[in-house]
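See below for the structure under consideration.
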Amino acid sequence: MKLNTRRTLLIGLAFFSICAFWQMYDTVIPLILRDTFHVGDSLSGAIMAADNVLALVLLPLFGRLSDRTDTRLGKRMPYILFGTACAVALTLMLSGADAPGRFGPFIVLLGLLLVAMGTYRSPAVALMPDVTPKPLRSKANAIINLTGALGAIYALAAVRFLVGTHPDGRADYTGVFVSVAALMAVSVVLLLWRVDENALRRENADPEDEDDAPAGGRLPADKMRSLMLILVSVALWYMGYNAVTTAYSKYFTRMWGDLSGAASCLMIATGGAVVSYVPVGMLSSVLGRKKMILIGVALLAVCFAVTGMITTFGPVVYALFVLVGFAWAAINVNSYPMVVEISRSGDVGKYTGYYYTFSMAAQVLTPILSGWLLEHVGYHTLFPYAAGCVALAFVTMLLVRHGDNRPHAAKSVLEHFDVED
């Protein structure tokens, strides 16, 4: 059995455009809120968190709706087509609302745009496991995520080269909006033209998916228990990790007085994660997904606990954040595939929505909880809080009995990139 790389690249076009959009959103929207509308940090933060809040409802809803959809275009394609078309139109309209005195229209359009993006994220992610045989999903997922990285790079390049200047001196992001909207439109047209979702689904149907229950039915109690434990684990480690990423700059400057260290440590952690993908994949193929996640969770908890004990900033902090990057890669390389492994072909969208619901809920909740501790107890609580959340995830993952892969020796480097977005 061999992966069709060209076809997988085409399937990844939806994710390619999604990543380009979110990179543009995270980079440009805060600057517009600050420079055009003079929005304060608190309100700006609330606006920027709106996508996570909406995701709690939209991602599981449209993931499940797409499971139940049956059209000549397929299950996922109608949502990808409709969501992208709306997002492209709203992105162009949002660009026109970037002007003083248009804050109300800007916020309305931004809200509608976030809803449009939420309608097809789960269907787009679910498309790959839908049309890819289980033994090849590691390779396919690697290619999908590589397309996502290229999408983010495209948006960053647009920001770098296409930002102009308004007559009043403000940055003009029209070129960025137009270029990303054009990319999204071209991507979905190519996807629709070159990928026959229904044919691919029939070709790659797995009869084992129906062994336990029909699509839409209840899982056996033991598999349901494992699924819930994995999802709770996802929420817990996101609560720990996101607490640190949200408050790290304030913590560094308050506790260690080193702003340069604050600027460098998460970059080092991200770099550590990227360079760890291949070795983590190799280890996962030998040890299995669950054991690799447990190693990552344990290491992450220890790193956070040790960092919380350090009173003076120094090279050891950088070393710890390299290990944090490896640990985070070990966790994320294997977590979403475990959820998909439990799901059946008719329920992939629903289970993708479950995964995003728990990860997004954690990212909404943890800044509030950890922020309360920072303000009312002290900044020394940050890393113990993070370590405690991650340590609880170790306990819940230890009880998981389903969703693992059968360890095998990978035949190519790509097979080691079993990662999710």
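Taking the Cα-to-Cβ direction at Leu287 and at Ala199 and moving 7 Å from each Cα, how far apart do the two end points lie in nm?
4.3 nm
For region 5-205, calculate the relative contact order in percent as a whole number, restricting contacts to Cα pairs under 8 Å that are 6 or more residues apart. Let's see the in-between values first.
On the way: 255 pairs, mean separation 81.7, N = 201.
This gives 41 percent for region 5-205.
What ranking do 302-315, 232-245 get when scored by the average of other Cβ atoms within 10 Å per residue, highest first?
Top to bottom by mean Cβ count within 10 Å: 232-245, 302-315.
At a Förster distance of 56 Å, what's the computed FRET efficiency of Thr71 paired with Ile310, Cβ-Cβ distance as r, to 0.05?
The pair Thr71/Ile310 has a calculated efficiency of 0.50.
How much length is gained on full extension from Arg170 to Asp35, taking 0.36 nm per residue of separation minus their Cα-Cα distance?
Numbers: separation 135, 0.36 × 135 = 48.60 nm, distance 0.70 nm.
47.9 nm is the gain from fully extending Arg170 to Asp35.
Roughly how many whole Å is it from the C-alpha centroid of region 52-93 to that of region 110-125?
The two parts, judged by their Cα centres, are 6 Å apart.
Tell me the mean residue ellipticity at 222 nm calculated for the chain from its helices only (DSSP H runs of n ≥ 4, each -39500 (n - 2.57), averaged over every residue, nearest 500).
Counting only the DSSP helices, I get -26000 deg cm²/dmol.
Assuming 0.692 mPa s and 37 °C, estimate D for the chain with Stokes-Einstein, Rh taken as the Kirkwood radius over Cα pairs, in µm²/s.
147 µm²/s
Just how large is the dipole of the chain about the Cα centre, in debye to the nearest 20, putting +1 at every Lys and Arg Cβ and -1 at every Asp and Glu Cβ?
That gives a dipole near 540 debye.
Ranked highest first by the average count of other Cβ atoms within 10 Å around their residues, in what order do 4-11, 223-230 fall?
223-230, 4-11
Greater than 32 Å separation of Cα atoms is the criterion. Which listed pairs, Lys2/Lys350; Lys250/Lys291; Lys2/Lys223, meet it?
Cα-Cα > 32 Å for Lys250/Lys291; rest within.
Taking a ≥ b ≥ c as the square roots of the Cα gyration tensor eigenvalues, with a/c under 1.5 meaning rounded and otherwise prolate when a/b beats b/c, else oblate, which class fits region 10-136?
Prolate, since a/c reaches 1.5 and a/b exceeds b/c.
Roughly speaking, what is the stretch gain from Val189 to Ala85, that is 0.36 nm per residue apart minus the C-alpha to C-alpha distance, in nm to one decimal?
36.4 nm
Please sort through the DSSP H helices of the chain and keep those with an alpha-carbon extent of at least 18 Å along the long axis and a Kyte-Doolittle average not below 1.0.
13-35, 77-96, 103-131, 174-194, 259-287, 289-309, 315-342, 382-398
If you find the alpha carbon centre of region 157-187 and of region 290-348, how far apart are they in angstrom?
36 Å
In nm, to one decimal, how far is the modelled label at Leu43 from the one at Val108, with both set 7 Å along Cα→Cβ?
Here the answer is 1.8 nm between the modelled labels.
Could you check the spin-label model distance between Tyr318 and Ala182? Points 7 Å from the Cα along Cα→Cβ, value in nm.
With each label point 7 Å from Cα toward Cβ, the separation is 4.1 nm.
No lab work stands behind these numbers, since they all come straight from the coordinates. Only a predicted model underlies this, so the values are computations on that prediction, with no experimental measurement involved. Ideal geometry is used to build each Cβ from the backbone, glycine not excepted, and the neighbour counts take in all protein chains shown.
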